[in-house]
Amino acid sequence: MGPMRHFLETEFRRLRNRVSKHSHYQIVHSACGLRHLDHIDAIRYEKERAEFIYQYVNCSDKRVLDIGCNTGYFVIESCLQGSSSVDAFEPHPELARISEICCEAAGLSDRVIVHRAVFDFSRNDLGQFDICLLQNVLHHIGDDFFQESQLGQGETLNLIADILVGMYNVADQVILQLGFNWKGDTTKPLFADGTKEEMIQFVHEAVDGIFDIEAIGIAEMSADGITYQKPHAKNIDRDDLLGEFLNRPIFILRKPRVE
């Protein structure tokens, strides 16, 4: 092991043992060679989500934005899928540094910039992106960002809708995943019955005329494990045996194609 590799592994261990609000949300990508040092279980099914997403998202020579990149799993996967560059935003300093370490260990630092900041949805100074990963972020409005806003739950949904409309000026394609509970608080559901149908209807109405919904992925459990499939009569109902996270649909949004 060379000195640089030893440094990266030592730094990774030190940071990964720190516990913060979002520190156990995402595994590290196997391509960085640090997975054997990670004590975090794959509770958010990064590999399974990626298998669904990249059926519809072509990263080849594309400029990618990852908002809330956590450990950088999807940053690295986007690079492996051929992206020309990735701008990643992660406001939690330990996680931002872990993302940098993982990208460096994977030999991808030349294509990645990790911004240790909250992405400013009110303005975009970075120009247009081809693809934006916006996974499991917007339900934290009023908690991790927009803290100064004294919003009710209904007003929060309106703000989420406004942000989705504004993404038209950020990226041509948006990968969206949204939690059911405002600020992660199970006593504050964003949708009255907490169903996939409610969330799908909300996203349809929010992006109508702005983005086409190219695909929706719904988690299913079988003897082979978790896979994401298109909605159908059996998987569209809420399944509490799967847990809250696996009930969150994945939306692939794309600007309407010009004929």
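If you line up the long axis of helix 153-166 against the longest principal axis of the chain, both from Cα atoms, how many degrees apart are they, to the nearest 10?
So the helix axis and the longest Cα principal axis differ by about 70 degrees.
From a point 7 Å beyond the Cα of residue 222 in the direction of its Cβ, which residues of region 36-74 have a backbone N at a distance under 20 Å?
What the label zone holds, given the 20 Å backbone N cut-off, is 45-56.
When all C-alpha to C-alpha distances in the chain are sorted into bins of 10 Å, what percent of pairs does each bin hold, rounded to whole numbers?
7, 30, 38, 21, 4, 0
In deg cm²/dmol, rounded to 500, what helix-only [θ] at 222 nm does the chain give when every DSSP H run of at least 4 residues adds -39500 (n - 2.57) and the total is split over its residues?
-8500 deg cm²/dmol
Could you give the nm distance between label points at residue 30 and residue 61, where each point is 7 Å from its Cα heading toward the beta carbon?
Rounded to a tenth, the inter-label distance reads 3.0 nm.
Spit out the partnerless Cys residues in the chain, using Cβ distances under 4.7 Å as the pairing rule.
Cysteines of the chain left without a disulfide-compatible partner: 59, 69, 79, 103, 132.
Quick one: the Cα spread of region 41-172 along its three principal axes, in angstroms, biggest first?
For region 41-172, the Cα extents along the three principal axes come out at 43, 30, 29 Å.
For the chain, find the longest principal axis of its Cα atoms and tell me its angle to the long axis of helix 3-16, 0 to 90°, nearest 10.
Approximately 40 degrees, to the nearest 10.
Placing one identical point scatterer on every Cα of region 131-259 and ignoring solvent, what is log10 I(q)/I(0) from the Debye formula at q = 0.13, 0.22 Å⁻¹?
-0.54, -1.40
Pairs 47/230; 62/255; 62/183; 47/196; 47/234: which exceed 26 Å Cα-Cα?
Numbers: 47/230 17 Å; 62/255 15 Å; 62/183 32 Å; 47/196 22 Å; 47/234 23 Å.
Table pairs above 26 Å Cα-Cα are 62/183.
Over region 91-145, what number does the Rg to Rh ratio reach, with both radii from the alpha-carbon atoms and Rh per Kirkwood?
Details: Rg = 12.9 Å, Rh = 13.1 Å.
Looking at region 91-145, the ratio lands at 0.98.
Quick note: the coordinates plus some simple rules give every number you see, no bench work behind them. Not measured: the values here are computed from a predicted model. Virtual Cβ from ideal backbone geometry, glycine too; neighbours counted across all protein chains shown.
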